[in-house]
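*Asks:* Following this message is one structure expressed as structure tokens.
The values are calculated or read from the model by the stated rules, or taken from the named source; none is laboratory data. This one's a predicted model, so the numbers in the text were calculated from it and none came from an experiment. Methodologically, a virtual Cβ is constructed for each residue, glycine included, from the backbone with ideal geometry; neighbour enumeration extends over all protein chains shown. Calculation scope for accessible area: heavy atoms of the full protein, side chains included, ligands and nucleic acids excluded. Shrake-Rupley method; radii C 1.70, N 1.55, O 1.52, S 1.80 Å.
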Amino acid sequence: FDMDKDIFDKYVSELKSKKKKNKTGQWEDANPWALKRPQEWFDDCWHKIEASGLKFDGKHITLNENGVSYDYVAYKNKMLLVYPESKIDDGLVYKGDEFSFSKTKGVVDYKHILSNPFVHNEDDIIGGYCIIKNRRGEFITTLSREEIQKARNIAKTQTIWQAWFAEMCKKTIIKKAVKFHFDDVYSEMEEEDNKNYDLEKAEIPSDELPEAVINAINAAQDIKALKVIYDHEYKNFETAAMKEQFVKC
């Protein structure tokens, strides 16, 4: 316990002291939000992590301005903590892959054949899956690219999605899996991690462009930068109205 708390305290100290260069080349605080939070806020985060039973490492469990954030490895570790016998498998399906599954009398069988295991382009992700097998049963959960995009659209931490898109896809899939089948185990983790999402936006269908896309367009310095945004985002829009707004913006 003392060693875990020491790791946490060191992590918090580094959050507050970390610097980065801005666009003008000047050094500034990398995490200004951390300097504004009182010690009680960090103590509360620590108690929530401690209650989860997971070990804080500053990698798979981190802090941001919204609170505690768990990645997909932390979600796996929580399952193994409660059900050590669990077999967990997850994967992203890319264009050209062969993926199929069946469930017969409670037994999950699946096959995933990669079309090219050495070339993975994030733009080619079409969905993903998570299989969990333990004494409670065998469960398979799938998520399409469109469903993953909906989760991204309501995320408050767009910079993380931009930097670690594949990892966030996996986290979104395992979050759905445990929400459906192990809500009693993950309720407290989910309550905290969901602070990273604006859940009210998920309840209201909209033809509006995501704010992150508008900000990216406004920040683009040249046609090349706009083309990158266009190639990456255009194909993911759910409605013709959103596509028209993208071109207009």
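*Asks:* Alpha carbon centre of the range 36-75 versus the range 159-178: separation in Å?
*Replies:* Centre-to-centre distance over Cα atoms comes out at 17 Å.
*Asks:* Follow-up question, since we're still on this one. Non-local amide H neighbours of ASP97 (under 5 Å, H modeled in plane, Pro and chain starts lacking H): which ones?
*Replies:* SER115
*Asks:* Between rounded, prolate and oblate, where does the range 1-136 land on the alpha carbon gyration tensor, with a ≥ b ≥ c its root eigenvalues, rounded for a/c under 1.5, else prolate if a/b exceeds b/c? Spell out each step's value before the answer.
*Replies:* On the way: a/c = 3.64, a/b = 1.55, b/c = 2.35.
In terms of gyration-tensor shape, oblate.
*Asks:* In addition: Add -39500 (n - 2.57) for each DSSP H run of 4 or more in the chain, then divide by its residues: what number comes out at 222 nm, to the nearest 500 deg cm²/dmol? Could you put the intermediate results ahead of the total?
*Replies:* Details: 12 runs with 122 residues, N = 249.
Helix-only estimate at 222 nm: -14500 deg cm²/dmol.
*Asks:* Further question on the same structure: Tell me, what ³J(HN,Hα) does each residue in the range 100-116 have, in order and in whole Hz, if you take phi through Karplus 6.51 cos²θ - 1.76 cosθ + 1.60 with θ = phi - 60° and put x for Gly and Pro?
*Replies:* So the J values, rounded to whole Hz, are 8, 8, 8, 9, 10, 6, x, 9, 8, 10, 8, 9, 10, 10, 7, 6, 8.
*Asks:* If you place +1 on the Cβ of every Lys and Arg and -1 on the Cβ of every Asp and Glu, how big does the dipole about the Cα centre of the chain come out, in debye to the nearest 20?
*Replies:* On the way: 39 positive and 45 negative charges, 107 e Å.
That gives the chain a dipole magnitude of about 520 debye.
*Asks:* Taking θ as phi - 60°, what are the ³J(HN,Hα) couplings along the range 41-54 by the Karplus curve (6.51, -1.76, 1.60), each to the nearest whole Hz, with x for Gly and Pro?
*Replies:* 5, 5, 4, 5, 4, 4, 5, 5, 5, 4, 5, 6, x, 8
*Asks:* Between LYS23 and ALA166, what's the calculated FRET efficiency when r is the beta-carbon distance and R0 is 30 Å? Round to 0.05.
*Replies:* Computed FRET efficiency for LYS23 and ALA166: 0.60.
*Asks:* Under a point spin-label approximation (7 Å from Cα along Cα-to-Cβ), what is the LYS179-TRP33 distance to one decimal in nm?
*Replies:* 2.0
*Asks:* Taking 41 Å as R0, compute the FRET efficiency from the Cβ-Cβ separation of SER13 and SER102 and round it to 0.05. Numbers along the way, then the final one.
*Replies:* On the way: r = 51 Å, r/R0 = 1.25.
FRET efficiency, SER13 to SER102: 0.20.
*Asks:* Further question on the same structure: Relative to a virtual label point 7 Å from the Cα of TRP41 in the Cα→beta-carbon direction, which members of the range 53-94 show backbone nitrogen distances below 20 Å?
*Replies:* Correct set: 58-59, 61-70.
*Asks:* Using a Cα-Cα cut-off of under 30 Å, which lysines could be cross-linked to LYS16, ignoring same-chain neighbours fewer than 8 residues away?
*Replies:* Within the straight-line cut-off, LYS16 pairs with LYS5, LYS36, LYS48, LYS55, LYS59, LYS76, LYS78, LYS156, LYS170, LYS171, LYS175, LYS195.
*Asks:* What order do TYR230, TYR186 take when sorted by accessible area (1.4 Å probe), most exposed first? Intermediate values should be presented prior to the final figure.
*Replies:* Numbers: TYR230 95, TYR186 5 Å².
From most accessible down to least: TYR230, TYR186.
*Asks:* Let me ask something additional. Pick from ASN22, ASN121, ASN194: which residue has the top mean-square fluctuation in a GNM of the chain where Cα pairs under 10 Å get a spring?
*Replies:* Top of the fluctuation ranking is ASN22.
*Asks:* Enter the accessible area per residue of the chain (Å², integer; probe 1.4 Å; all protein chains in place).
*Replies:* 59
*Asks:* Using a 7 Å offset from the Cα along the Cα-to-Cβ direction at both LEU114 and ASN194, what is the distance between the two label points in nm, to one decimal?
*Replies:* With each label placed 7 Å out from Cα toward Cβ, I get 3.4 nm.
*Asks:* Show me, for the range 121-132, the HN-Hα J-couplings you get by feeding each phi into the Karplus relation (A = 6.51, B = -1.76, C = 1.60, θ = phi - 60°), rounded to Hz, glycine and proline as x.
*Replies:* Going residue by residue, I get 9, 4, 5, 8, 5, 10, x, x, 8, 9, 10, 10 Hz, with x marking Gly and Pro.
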